[in-house]
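**Student:** Before I ask anything, let me first share the structure, which is written out below as structure tokens.
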Amino acid sequence: MTGAFALVVGVMMFALGAVVGSFLNVVIHRLPLGKSLVYPPSHCPFCETPIPWYDNIPILSWMLLRGRCRFCRKPISVRYLIVEILTAVLFVVVFWGSFQPGKDFPHLWGKEPLGIWGWLAVPDYRPETSPPSWAAVIRRTLAYLLLLTTLLAATVIAWEGKKVPLRLFLPLYAAGIILWLALPWLPAFGLFGVPDPIESIFWGASSLVAGGLIVFLGAWFWNPELRPGFTPAMFSASLLVGPQRALVAGSGALLAFVISRILVGILPALGRVPFVGWLFLAFVIISIFW
């Protein structure tokens, strides 16, 4: 990408990420309470006055109103601002990472050596040093953003001491199952390779095994602090990004979780970071460098 084009796309991705972050705030607040995500429209949690559109602009509205409701002047949690900014930055970072040479998902649509497993996916003959195709950028960006935004929502819900709802991960499960089972029989549309059905099923099973292995390892030191979102996060993430990345991210997150509990006496705030928070951080790093 040229400098000017990259700047324009970056601004667009930041704005889109802020909008998605605003929706994530709705998910974080309403889903644990079993409320609808679409009705009633956004309103102040204190006076319940509907929020007009000009007070619902991501990031800007919170800053202009100085974190208070326009009508009752009660404070609105800074979490809303942090989630919107963080999601906006995620959109830019993931999109930028997808443009780096050699970045693409191996399973279903790319090609990557897997040791004794061999070459299981559709070959991609583009040199490792050449820029990725737009198809590769789109599919990698969509997959990672779906994963990271879900893990971010789960992290904030667990951080606030609420139960992480299983249905939060349903879009990840659905996307993963569709990719593994449906794509071998669908046209490529220029975006996806069409692998052999047996290979696709093998990859899907391998992903579930990878997620199960991390869950099994976590069972060795199972405690209530590990539970929020642990099992559904690992299995759904494994389905979406494949076994290799799931194993690396899950192992790193478990190690970070254990270390954080050891250091909690020195840094008490680490005790509030759930496993899904470390998993989120691990996948952010992977999305940039892998």
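**Student:** I'd like the full set of residues that are farther than 24 Å from residue 9 by Cβ, surrounded by fewer than 18 Cβ atoms within 10 Å (Cβ to Cβ) and modelled with pLDDT under 90, limited to region 78-115.
**Tutor:** 111, 112, 113, 114, 115
Every residue, every condition in (1) of a type outside the set (Gly, Ala, Ser); (2) modelled with pLDDT under 85, yes or no:
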{"residue": "203", "(1), (2)": "yes, yes"}
{"residue": "209", "(1), (2)": "yes, yes"}
{"residue": "229", "(1), (2)": "no, yes"}
{"residue": "232", "(1), (2)": "yes, yes"}
{"residue": "280", "(1), (2)": "yes, no"}
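**Student:** Now for a separate question. Check region 36-49 and report whether any residue there is under 15 Å from the mean Cα position of the chain (by Cα) and not in a loop (DSSP other than H, G, I, E, B). Spell out the reasoning first.
**Tutor:** If we filter region 36-49 for residues that are under 15 Å from the mean Cα position of the chain (by Cα), which is where we start, we get none.
Checked region 36-49: no residue is under 15 Å from the mean Cα position of the chain (by Cα) and not in a loop (DSSP other than H, G, I, E, B).
**Student:** Right, here's the next one. Within region 133-155, is even one residue assigned to a loop (DSSP other than H, G, I, E, B) and either modelled with pLDDT of 75 or more or over 14 Å from residue 241 (Cα atoms) (or both)?
**Tutor:** Initially, region 133-155 is screened for residues assigned to a loop (DSSP other than H, G, I, E, B), giving 133.
Narrowing further to those that are either modelled with pLDDT of 75 or more or over 14 Å from residue 241 (Cα atoms) (or both): 133.
The answer is yes; a qualifying residue exists.
**Student:** On the basis of being at pLDDT 80 or above and either outside the structural domain of residue 142 (by TED's automatic domain parsing) or not in a loop (DSSP other than H, G, I, E, B) (or both), does residue 255 make the cut?
**Tutor:** yes
**Student:** Quick check on my filter: what residues within region 1-33 are free of Cβ contacts under 8 Å to residues at least 24 places away in the same chain and either under 17 Å from the mean Cα position of the chain (by Cα) or within 26 Å of residue 79 (Cα to Cα) (or both)?
**Tutor:** 11, 12, 23, 26, 29, 30, 33 - these are the residues of region 1-33 that are free of Cβ contacts under 8 Å to residues at least 24 places away in the same chain and either under 17 Å from the mean Cα position of the chain (by Cα) or within 26 Å of residue 79 (Cα to Cα) (or both).
Every residue, every condition in (1) at pLDDT 85 or above; (2) assigned by TED's automatic domain parsing to the domain that holds residue 169; (3) under 14 Å from residue 148 (Cα atoms), yes or no:
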site: 242; (1), (2), (3): no, yes, no
site: 245; (1), (2), (3): no, yes, yes
site: 269; (1), (2), (3): no, yes, no
site: 272; (1), (2), (3): no, yes, no
site: 284; (1), (2), (3): yes, yes, yes
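The values are calculated or read from the model by the stated rules, or taken from the named source; none is laboratory data. Since the model is a prediction, treat every value here as computed from it, not as a measurement. Glycine also receives a Cβ, built like all others from the backbone with ideal geometry; neighbour counts cover every protein chain displayed.
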